[in-house]
Amino acid sequence: MIILLISALLGVALLALEIFKLRSWMMPLMLISFMAILAGTAIQWGLAENIMNQNMISMDAFALKGISILTILAAFWLVTQHKNIQATGNSSDLYALIAFSFCGALLMTNFTNLVMLFLAIEILSIPLYVLAASKRGDQLSNESGFKYFLLGSVASSILLFGIALIYGATASFDLYTIHHFMATQNTHPWIMVGLVMMLVGFAFKISAAPFHFWAPDVYQGAPTPITGWMATVVKGAAIIGMFRLFAGAFEGAMSTFAGIIAIMVTLTLIIANGMATLQHNVKRMLAFSGISHAGFLLSTLLIPGFASQALMFYILGYGIASLIAFTIMQNVGSQIGEELHAFEGLAKKSPFSAAMMTIALLSMAGIPPLAGFFGKYYIISGLMGHYTWLTIIMVLTSVVGMYYYLKVIFVMYGKSENGASYTENGKLYPILGAIALLTLFAFSAFI
């Protein structure tokens, strides 16, 4: 419970610092809070295997592992993007919104009640609507925030309607009661309709096809640091919450919905990778890349026994690679542009930035021995023999993905150069270097 209190009070504390004109304390306070949360998870792990709090949350091993991963990603995001946030001039508001969104992300890992689930989703999402439109003088940012708010509200409404139908059938919001009910009556018509609506709501949150259409526009229009937050912490929290719900309370109905999820994964992989090859804007290409990775994450629900270890590993590996990519994207985009030609000759101007971007892209492409390869390997090996046709699609679309990832790398190391000047942020060398090294390991502690 202390973990959640730290995350909940962090946003309030940041607003208080603004009142007392102590903006310089905000970044250190956030970093200290993240470290305290990590320490809290380690202590909690040693105290008890499962601690229930008022039948609303459960600090079990799955929740603690999810909290640790999301906190690590949040801390990495903070140290790489805090200068960009401070440069906006309204850092106090942005930091507070990020903190409130982070609180919702942590709640997504440990809810045991559908009411708490909906509260977590709204706490996670509402700050994002503002953050996406936080670049007030930019028309694309305003459009991004409006689209995200409008479509996100519709998705939340559908999800809430599904929760109401589940409650109408089971007379309970408690996940354990719902699990017991579905073990014997998983074909109840209200259950079926409710599950479909909740699946649609979650598919929007994780940007899985055919409910992905908002992601490219929102990711491209939002400020790049915010896009990085959405692509890592927010996406990770949403898929962890979905896994906890469908692999837990809805386990008895998964045999009925496995075919639907498999089709969604297939559509997500084909559409995302196909569209990514057509993009000339690197930021938009990374958005479609994130959609394709959502397909891999969603497929963990199809693995017999539900592979939570593979899910956590993939979230961490993909999240770290994305943070590196969006950090370089921010530096290049703010000085030259976000189009592919902006990266021409980057290796000559900044060998370090080009090397970091290359590591990130190769990891997302699934090239060994980087973490992205092991993430895809664990998921594909878990599906082999059960969904062989789907694993073939995964391999083929990964090959397509290599094309657009390598396209950026070839442009960076090509002979042509766009002529624009580029100033590298040398202070990020040790930070990005340390983060990049993590993509070389299998994160065995989480497997």
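The values are calculated or read from the model by the stated rules, or taken from the named source; none is laboratory data. Everything quoted here is computed from the prediction, not taken from an experiment. Cβ placement follows ideal geometry from the backbone for every residue including glycine, while neighbour counts extend to all protein chains displayed.
Side notes on the structure shown:
- Selected residue [under 27 Å from residue 343 (Cα atoms) and in a helix (DSSP H, G or I)] from 261, 271: 271
- Taken together, 387, 405 contain a single residue that is of a type in the set (Phe, Trp, Tyr), surrounded by 12 or more Cβ atoms within 10 Å (Cβ to Cβ), closer than 16 Å to residue 265 by Cα and at pLDDT 85 or above, which is 387.
- Only a single criterion out of (1) surrounded by 24 or more Cβ atoms within 10 Å (Cβ to Cβ); (2) among the small types (Gly, Ala, Ser); (3) free of Cβ contacts under 8 Å to residues at least 40 places away in the same chain is not satisfied by residue 215, namely (3).
- Residues being in contact with an Asp or Glu (Cβ under 8 Å, 6 or more places away or on another chain) and surrounded by fewer than 23 Cβ atoms within 10 Å (Cβ to Cβ) - total across region 255-282: 2
- Remark: pairs (first residue in region 9-27, at positive phi and assigned to a helix (DSSP H, G or I); second residue polar (S, T, N, Q) and at pLDDT 90 or above; Cβ separation under 9 Å; 6+ apart in sequence or on different chains) are absent.
- Sole residue being more than 16 Å from the chain's Cα centre (by Cα) and of a type in the set (Ser, Thr, Tyr), chosen from 227, 184: 184
- Of the residues making up region 57-89, those that are over 21 Å from the mean Cα position of the chain (by Cα) and over 27 Å from residue 176 (Cβ atoms) are 83, 86, 87, 88, 89.
- Options 169, 120, 155, 164: the member that is buried (at least 22 other Cβ atoms within 10 Å of the Cβ) and small (Gly, Ala, Ser): 120
- Residue match in region 316-327 (condition: touching a residue at least 24 places away in the same chain (Cβ under 8 Å), under 23 Å from residue 392 (Cβ atoms) and surrounded by 24 or more Cβ atoms within 10 Å (Cβ to Cβ)): yes
- Residue within region 302-312 that is in contact (Cβ under 8 Å) with a residue 60 or more places away in the chain, over 20 Å from the mean Cα position of the chain (by Cα) and under 27 Å from residue 431 (Cα atoms) present: no
- For region 233-258, the tally of residues that are of a type outside the set (Gly, Ala, Ser), in a helix (DSSP H, G or I) and more than 25 Å from residue 128 (Cβ to Cβ) stands at 4.
- Of all residues in region 220-248, those that are touching a residue at least 12 places away in the same chain (Cβ under 8 Å) and more than 26 Å from residue 174 (Cα to Cα) have Cβ atoms under 9 Å from Cβ atoms of residues that are outside any helix (DSSP H, G or I) and among the β-branched types (Val, Ile, Thr), 6 or more apart or on another chain, in 223/88; 225/88.
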